[in-house]
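Scroll down for the structure; my scribbles are underneath it.
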Amino acid sequence: MGDKAKAADLKAITGNLRVPMDRGTKPIETPVITTPRAPRELGYEARKEWRRVAPILTDLKLLTPADLGILEAYCETFGLWRETGARLRKLRAGSTTPAVSSDEKALHAIATRARGDMMKLAGELGLTPTSRGRVNVDHSALPSEHEKIRKYLG
């Protein structure tokens with residue numbers, strides 16, 4: 001099998017094997033300037049992940065208005081994965097037999113599917129090591145080490 005097909009707009013930015021990347025290509029959409037608030041519909045774990053990831057993507061100028069739906073889907077899937085895992089651990093802790101119940105099987109299937117979907121969405125946002133290699137980051141936008149320390153220490 002070959003490499004994963006790139007979307008047309010991603011090809012315009014990164015190029016492909018036949019057509020070299022045009023280094024003068026401008027971003028397709030203007031990045032979000034300030035970190036957007038998490039949608040109210042997200043659950044607790046999903047909102048925590050939004051608060052963790054959205055500022056990073058905003059600082060790197062990787063988040064555009066067109067990406068907000070993907071970010072929401074990623075966070076919602078992350079939340080489902082976390083909550084399902086917690087329910088599965090709780091169910092196993094209360095079990096007295098080594099046999100796997102139908103509830104455990106169902107929760108395991110949900111968690112496995114959510115993890116797969118989450119990883120696909122994370123790749124679309126540049127949140128995996130492989131996808132970061134394909135993302136063109138404006139390094140001048142990154143905060144210095146001193147700014148990072150001040151930000152996290154208060």
Filter the stretch 64-90 for residues that are among the hydroxyl-bearing types (Ser, Thr, Tyr) and within 14 Å of residue 53 (Cβ to Cβ); which is surrounded by the most Cβ atoms within 10 Å (Cβ to Cβ)?
74
May I ask you to say which residue of 38, 73 is assigned to a loop (DSSP other than H, G, I, E, B), on the phi < 0 side of the Ramachandran plot and small (Gly, Ala, Ser)?
38
Restricting to the stretch 94-111, name every residue that is exposed (fewer than 12 other Cβ atoms within 10 Å of the Cβ), in a helix (DSSP H, G or I) and not charged (D, E, K, R).
102, 109
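Condition first: under 15 Å from residue 125 (Cα atoms), in a helix (DSSP H, G or I) and at pLDDT below 85. Can you find one or more residues in the stretch 60-69 that meet it?
No, the stretch 60-69 contains no residue that is under 15 Å from residue 125 (Cα atoms), in a helix (DSSP H, G or I) and at pLDDT below 85.
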Scan the stretch 130-143 and give yes if some residue there is farther than 22 Å from residue 33 by Cα and modelled with pLDDT of 95 or more, otherwise no.
no
Suppose we filter the stretch 87-137 for residues that are of a type in the set (Gly, Ala, Ser) and under 30 Å from residue 63 (Cα atoms); how many remain?
8
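The values are calculated or read from the model by the stated rules, or taken from the named source; none is laboratory data. Model, not experiment: these values are computed from the prediction. As a convention, Cβ positions derive from the backbone with ideal geometry for all residues, glycine included, and neighbour counts pool all protein chains shown.
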